[in-house]
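This report concerns only the one structure given below.
Every read-out reported here was derived from the displayed coordinates using simple, explicitly stated rules and does not represent laboratory data. What you are looking at is a predicted structure, and each value in this text was computed from that prediction instead of being measured. Counting neighbours? That spans all protein chains shown, and the Cβs are built from the backbone with ideal geometry, glycine included.
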Amino acid sequence: MDFATDAAVPLLAQTVGPLLAWYRENGRDLPWRTEPSPYRVWVSEIMLQQTRIGAVLPYFDRFMTAFPDIAALAAASDEQLLKSWEGLGYYRRVRNLRAAARLVLARFGGELPSAREDLLTLPGIGDYTAGAIASIAFGRPEPAVDGNVMRVTARLLDCHADVTRPALRETVRRQWAQVWPSSEAGMFTQALMELGEVRCLPHGTPVCQQCPCRDICRSRAAGTALELPYRAAAKERPVEERTFLLLVSGGKIALCQRPENGLLGGMWEFPSAPGLLDAAGAARLLRSWGAVHAVPVPVGTARHLFTHREWRMTGYLAVLPDRTGDWVWGTPQDLKERYALPAACHFFRDRLAAFLAEPEQQSCNPGE
Ligand code: SF4
């Protein structure tokens with residue numbers, strides 16, 4: 001059945017009662033559900049974009065402690081902001097959060113607006129997040145349709161259309177809007193999300209036997225649930241190769257900051273050069289940086305997938321007698337508490353920590 005057909009709406013309407021009843025019994029207690037203030041719902045929804053609940057949980061309380069309200073978030077420095085998000089990835093989200101907090105103070109008297117149209121004017125809030133905040137925090141019957149809900153809907157309807165077509169989300173949102181329960185709007189938003197998280201799973205076999213919609217679901221009846229949602233083949237990600245140099249001198253580590261705009265804007269990383277250099281190439285690079293006697297020691301290779309690109313990385317460690325170069329030199333403690341490193345660099349950060357924990361290895365530098 002196509003998403004847009006008239007027959008889709010009555011089928012979706014049948015799910016409302018069973019889903020709400022199931023959620024009342026089975027919904028998990030999550031920090032933003034037990035205390036659903038608009039600010040907490042907003043932050044949780046931004047954190048949950050492209051990130052699963054289990055990964056968000058350790059960050060949420062820490063973020064709330066650091067920035068307990070909109071005014072505190074608006075006043076956050078770059079360093080505080082990026083450090084609070086370190087490891088969650090997609091750092092543009094937290095920059096947008098702060099920009100939106102400042103706009104909320106300037107335009108809405110410090111209170112997050114409840115209308116979908118107003119929410120959509122804030123940076124980082126798109127259709128899905130506006131629907132989630134309007135329904136969960138303010139009880140408005142606004143559907144929130146993300147990839148999760150697209151998957152559940154495609155399976156409920158046994159719809160084989162390509163869900164990556166952007167226009168389809170609006171179609172699905174309009175269909176759900178006709179049946180979204182106005183008296184329990186927020187609970188229904190969360191019930192549908194929960195179904196996608198714990199029953200109608202994105203990877204692996206959906207748990208249809210324990211699904212409250214099993215008697216309604218068309219794809220379960222047709223045996224096609226595992227084929228759905230259908231996605232046209234994705235384009236391959238472009239690959240970037242990089243060589244990181246972990247430079248240590250007198251117990252401090254060289255760091256440089258990425259440009260404000262662009263990928264991982266404002267984050268910190270180790271000095272690097274394009275390409276996958278061998279040891280001789282890394283030694284030449286060190287010499288070009290003025291570290292004439294340093295010997296690069298390989299520490300391994302890693303790869304990191306971003307949404308639209310892939311990094312393939314190799315790394316070398318070198319102990320320098322002097323702190324040369326235009327880098328910032330931080331202690332291991334600074335790396336933990338002050339400078340936010342993107343997840344792509346965590347492999348090398350951990351290799352560096354292992355090296356610093358065994359100081360006798362520092363004899364690898366014959367220049368000392
Ligand atoms: S019956 Fe299975 S495929 Fe259908 S909505 Fe439930 S979990 Fe998903």
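Structure summary
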quantity: Helix runs (DSSP H) in the chain reaching 24 Å along axis by Cα, Kyte-Doolittle at least 0.0; calculated: 8-26
quantity: Measure of compaction for the chain (Cα Rg per 2.2 N^0.38 Å); calculated: 1.18
quantity: Projected label distance in nm at Val207 and Ala222, using a 7 Å step from Cα toward the beta-carbon; calculated: 2.6 nm
quantity: Residue-averaged [θ]222 nm for the chain, counting only DSSP H segments that reach four residues, each worth -39500 (n - 2.57); calculated: -13000 deg cm²/dmol
quantity: Antiparallel content of DSSP bridges confined to region 239-364, in %, to 5; calculated: 65 percent
quantity: Sorted largest first, extent of region 214-264 alpha carbons per principal axis (Å); calculated: 67, 25, 21
quantity: FRET efficiency, Arg338 to Thr164 (Cβ-Cβ, R0 45 Å, nearest 0.05); calculated: 0.70
quantity: Sorted by Cβ neighbour density within 10 Å, fewest at the top, the residues Met1, Met187; calculated: Met1, Met187
quantity: Ala66 paired with Arg309, simple spin-label distance in nm, labels 7 Å along Cα-to-beta-carbon; calculated: 2.5 nm
quantity: R0 of 51 Å, Cβ-Cβ distance Ala354-Arg231: FRET efficiency to nearest 0.05; calculated: 0.80
quantity: Of every Cα-Cα pair in region 140-259, the percent that sits beyond 21 Å; calculated: 52 percent
quantity: Under the Debye formula (equal points on every Cα, no solvent term), log10 I(q)/I(0) of region 8-227 at q = 0.15 Å⁻¹; calculated: -0.98
quantity: Cα-based convex hull, region 58-138, per residue volume (Å³, whole number); calculated: 93 Å³
quantity: Alpha carbon centroid spacing (whole Å) that separates region 283-325 from region 176-217; calculated: 48 Å
quantity: Inter-part distance where region 36-52 and region 55-79 are each reduced to a Cα centre, Å; calculated: 11 Å
quantity: Three principal axis lengths of region 14-117 [C-alpha, angstrom, descending]; calculated: 46, 31, 21
quantity: Total charge dipole magnitude, the chain, about the Cα centre, Cβ charges on Lys, Arg, Asp, Glu only, Debye to nearest 20; calculated: 360 debye
quantity: For region 210-368: span of alpha carbons on each principal axis (Å, largest first); calculated: 73, 31, 30
